[in-house]
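The values are calculated or read from the model by the stated rules, or taken from the named source; none is laboratory data. Please read all numbers here as calculations on a predicted model, not as lab measurements. A quick note on method: Cβ atoms are made from the backbone with ideal geometry, for glycine too, and the neighbour counts reach across all protein chains shown.
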Amino acid sequence: MNKEKDKIWIFTFEYAGIVKVGGLGEVPANQAKHINKDYEITVFIPSHGQLNNLREIHDWEKLSFNCVGQINPSILGLSDPISYYHISFYKSKINNVNIVLLVGENYFASKFLDDSAVYNPDTLNGKICLFSIGMRSLVSHMIEDQKENVPDIIHLHDYHAVIPFIGIKQELINNGLDVHSLITIHLLTWPRHSIEFYYGCGIDKTPIKILLENGYKLFSIDEIFNLCKTSSSYDEINQPPTVEKIGAVICDLVTTVSQSYLISDIILNCGNHLIEFKSDFLWDGCDWDYDEIKLEVLRKHGEDMHKVLDIPHEIDLTFSDMKRYLLTHKIAHLARSPLIRSEKVLKVISEISNGNQFIKNGNIKAFNEPGPLVITTGRISHQKGFETIFEAIPEVIQAIPTAKFLFMILPTDYSLEEIKSYSHIVKRYPDNLRIIFGVAKDIFYLAHISADVYCALSRWEPFGIIALEAMASKLPIIATRVGGFQETIIDIRNSPEIGTGILIDKDNPSQFANALISLFLLSEIAKKAKLKESIYETEVLNLVNQIPDEIIKSLVLLDPDVYQKIKENCYKRVENNFRWSIVSKKLRELYTRIRDLDK
């Protein structure tokens with residue numbers, strides 16, 4: 001007889017294939033994909049307005065159960081009178097994983113659950129609140145009619161799932177049941193809510209079991225607040241605890257995405273002794289494959305490249321051809337506008353693109369000529385350190401006037417001022433800088449495979465899937481010596497045989513400029529070496545002498561093809577350590593560890 005699979009419920013606000021804002025969306029989707037043979041997995045997520053789009057790809061069944069009721073919008077900071085909500089649940093099976101969307105069936109519920117801007121500050125609290133109310137109501141229904149479907153483990157991704165989880169725990173314990181739990185904190189954002197907000201989200205005074213170092217004990221929500229304050233700093237005593245701290249304290253296991261972030265941030269800020277004994281880390285992964293990316297780029301753009309560059313079809317395209325096509329043509333002729341869901345963001349971009357030929361939602365002015373290319377991607381936020389790149393541009397182009405900087409960055413409702421600021425900066429460097437706002441799917445692979453360097457200059461970074469994506473594309477990396485970058489990227493200066501890039505201090509434009517100039521020159525020297533030109537020939541030696549980093553200068557004197565070695569090291573690093581099939585093995589171990597706990 002086959003053993004019944006454990007039922008895992010995943011709560012997340014992002015899931016690749018449903019909706020994705022940053023790297024978070026990749027994590028639950030890829031973890032589920034690689035462990036679904038061992039577990040029965042169901043993902044619960046607000047619809048974020050994606051149901052109609054998803055119906056074009058998958059069949060969705062509307063569950064017979066509905067959640068209806070009324071709410072006082074004042075808990076959400078709204079002045080509306082008492083309002084009614086009507087929530088429906090739509091289910092589909094994607095890659096052998098059950099997906100359940102919470103959808104608003106009336107105007108009030110839809111305003112929040114179906115807002116396509118995932119983290120819209122105007123609707124986020126309402127989205128969390130209705131997700132919480134809906135999930136508690138669904139579990140209550142299951143306990144009555146489908147008790148066999150109650151989960152064995154609930155896996156929470158980030159703080160948005162914490163309050164819904166508390167409500168479910170209370171509903172279960174009221175019926176003599178309970179559930180094991182794991183929370184993965186991908187990035188601390190310090191959200192705080194009053195206890196009244198928790199009550200407004202359907203939480204009551206029912207005590208729930210919490211795992212402490214000496215075993216399980218029952219705590220009400222008031223007692224949980226007080227417990228969290230016992231490990232707070234003096235400045236935090238008079239504030240509500242962060243939702244992340246509450247989530248860490250109430251779950252059976254606390255994880256994050258790197259050992260560095262676990263030690264430096266999660267344990268320190270989410271409970272200290274209350275969680276240290278039940279804390280661990282689980283790396284993110286990446287399944288980008290270099291050969292597949294190259295084939296996809298040629299399939300998608302090959303014919304147009306031959307035509308635009310006037311290269312006969314019988315002649316193979318080189319990476320220099322791809323770069324020239326990208327920079328001097330394709331960025332000005334995207335097949336469709338980059339994906340931006342926020343009306344606020346679209347309005348700001350429309351305003352700043354008026355009269356600015358270098359920024360537009362869709363097509364921007366191409367460069368007049370190609371040149372050494374560095375790319376960067378990610379959300380626009382103070383965390384990502386894009387300002388360091390801007391500050392370094394003058395120093396870089398003084399050494400390499402043809403250097404090109406291409407930003408493919410995602411604006412959010414929280415970054416409207418940065419969008420305006422960046423629009424002024426890009427005008428200063430018409431020959432060197434371009435910014436594409438939004439998810440530029442049309443050229444994302446092309447840019448990665450055409451670039452010479454990728455940079456990730458975050459001021460803090462729990463993990464950084466973007467670095468893995470770049471390395472999987474054989475793209476050398478310059479990154480800050482913070483968080484997970486210290487575990488994924490190997491500095492070529494310290495480990496020449498296995499190095500994948502250069503690590504620098506955060507907020508240091510000079511170090512970045514030196515690193516970028518060094519790698520750009522390494523790339524040019526490698527091209528000369530490929531042509532069998534002696535490293536000691538005058539032209540090449542002149543390039544070597546321009547390298548600002550003395551260690552890198554010595555490395556290229558020993559091996560003129562060191563740039564190519566870095567590219568190969570990048571791919572091997574991902575292939576041997578960070579494929580989802582590899583990193584997901586630990587998740588199985590963590591689920592087993594949780595199931596072995598006695599409630």
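One table, with the values for the structure above:
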{"quantity": "Candidate set from the stretch 528-551 (those that are at pLDDT below 90, surrounded by 14 or more Cβ atoms within 10 Å (Cβ to Cβ) and not aliphatic (A, V, I, L, M)); member that is nearest to PHE319 (Cα to Cα)", "calculated": "LYS528"}
{"quantity": "Tabulated pairs, the stretch 149-164, first touching a residue at least 60 places away in the same chain (Cβ under 8 Å), second assigned to a strand (DSSP E or B) and of a type in the set (Gly, Ala, Ser), C-beta under 9 angstrom, 6+ apart or interchain", "calculated": "ILE153/SER181; ILE154/SER181; HIS155/SER181; LEU156/SER181"}
{"quantity": "Residue match in the stretch 130-147 (condition: under 30 Å from TRP460 (Cβ atoms), assigned to a loop (DSSP other than H, G, I, E, B) and touching a residue at least 12 places away in the same chain (Cβ under 8 Å))", "calculated": "no"}
{"quantity": "Some residue of the stretch 501-509 being modelled with pLDDT under 95 and among the charged types (D, E, K, R)", "calculated": "no"}
{"quantity": "Where ASP158 falls short, out of the listed (1) farther than 24 Å from GLY17 by Cβ; (2) buried (at least 22 other Cβ atoms within 10 Å of the Cβ); (3) acidic (Asp, Glu)", "calculated": "(1)"}
{"quantity": "Tally of residues being touching a residue at least 24 places away in the same chain (Cβ under 8 Å) and assigned to a loop (DSSP other than H, G, I, E, B) across the stretch 165-197", "calculated": "13"}
{"quantity": "Unique residue being among the acidic types (Asp, Glu) and at pLDDT 95 or above when the list is ASP122, ASP145, ASP114, ASP80", "calculated": "ASP114"}
{"quantity": "Some residue of the stretch 589-596 being of a type in the set (Asp, Glu), part of a helix (DSSP H, G or I) and not assigned by TED's automatic domain parsing to the domain that holds ILE465", "calculated": "yes"}
{"quantity": "Every pair of residues 6+ apart whose Cβ atoms lie under 8 Å, when the first sits in the stretch 548-572 and is outside the structural domain of GLY499 (by TED's automatic domain parsing) and under 14 Å from LYS474 (Cβ atoms) while the second is in a helix (DSSP H, G or I) and not charged (D, E, K, R)", "calculated": "none"}
{"quantity": "ILE525 vs. criteria closer than 23 Å to SER450 by Cα and part of a loop (DSSP other than H, G, I, E, B)", "calculated": "no"}
{"quantity": "Verdict on ASP59 being of a type in the set (Asp, Glu) and either crowded, with 17+ Cβ neighbours inside 10 Å or not assigned by TED's automatic domain parsing to the domain that holds VAL257 (or both)", "calculated": "no"}
{"quantity": "Residue pairs meeting the criteria (Cβ under 6 Å; at least 6 apart or on separate chains; first among the basic types (Lys, Arg), in the stretch 244-268; second crowded, with 24+ Cβ neighbours inside 10 Å)", "calculated": "LYS245/CYS270; LYS245/GLY271"}
{"quantity": "Residue pairs meeting the criteria (Cβ under 9 Å; at least 6 apart or on separate chains; first without any contact (Cβ under 8 Å) to a residue 60 or more places away in the chain, in the stretch 198-215; second small (Gly, Ala, Ser) and surrounded by fewer than 21 Cβ atoms within 10 Å (Cβ to Cβ))", "calculated": "ASP204/SER220; LYS205/SER220; THR206/SER220; PRO207/SER220; ILE208/SER220"}
{"quantity": "All positions within the stretch 280-319 that are outside any helix (DSSP H, G or I) and either touching a strand residue (DSSP E or B) at 6+ places or on another chain (Cβ under 8 Å) or of a type in the set (Val, Ile, Thr) (or both)", "calculated": "ASP280, PHE281, LEU282, ILE311, ILE315, THR318"}
{"quantity": "Pair list, Cβ under 9 Å, 6 or more apart: the stretch 40-53 residue within 9 Å of VAL103 (Cα to Cα), other residue surrounded by fewer than 23 Cβ atoms within 10 Å (Cβ to Cβ) and among the acidic types (Asp, Glu)", "calculated": "PRO46/ASP114; PRO46/ASP115; SER47/ASP114; HIS48/ASP114; HIS48/ASP115; GLY49/ASP114; GLY49/ASP115; LEU51/ASP114"}
{"quantity": "Of residues in the stretch 14-55 being closer than 25 Å to GLN146 by Cα and aromatic (Phe, Trp, Tyr), the one surrounded by the fewest Cβ atoms within 10 Å (Cβ to Cβ)", "calculated": "TYR39"}
{"quantity": "Among residues of the stretch 516-527, those that are buried (at least 24 other Cβ atoms within 10 Å of the Cβ) and closer than 27 Å to GLY23 by Cβ, counted", "calculated": "3"}
{"quantity": "Hey, LEU211 in contact with an Asp or Glu (Cβ under 6 Å, 6 or more places away or on another chain), of a type in the set (A, V, I, L, M, F, W, C) and not in a helix (DSSP H, G or I) or not", "calculated": "yes"}
{"quantity": "Boolean, THR376 is assigned to a loop (DSSP other than H, G, I, E, B), touching a strand residue (DSSP E or B) at 6+ places or on another chain (Cβ under 7 Å) and of a type outside the set (D, E, K, R)", "calculated": "no"}
{"quantity": "Out of PRO372, PRO401, sole residue that is under 20 Å from HIS448 (Cα atoms) and at pLDDT 95 or above", "calculated": "PRO372"}
{"quantity": "Scan of the stretch 137-167 for residues that are of a type in the set (D, E, K, R) and either touching a Pro at 6+ places or on another chain (Cβ under 7 Å) or over 21 Å from LEU63 (Cα atoms) (or both), ordered by number", "calculated": "ASP152, ASP158"}
{"quantity": "Count of residues meeting criterion [in contact with a Gly (Cβ under 7 Å, 6 or more places away or on another chain) and among the acidic types (Asp, Glu)] in the stretch 1-56", "calculated": "1"}
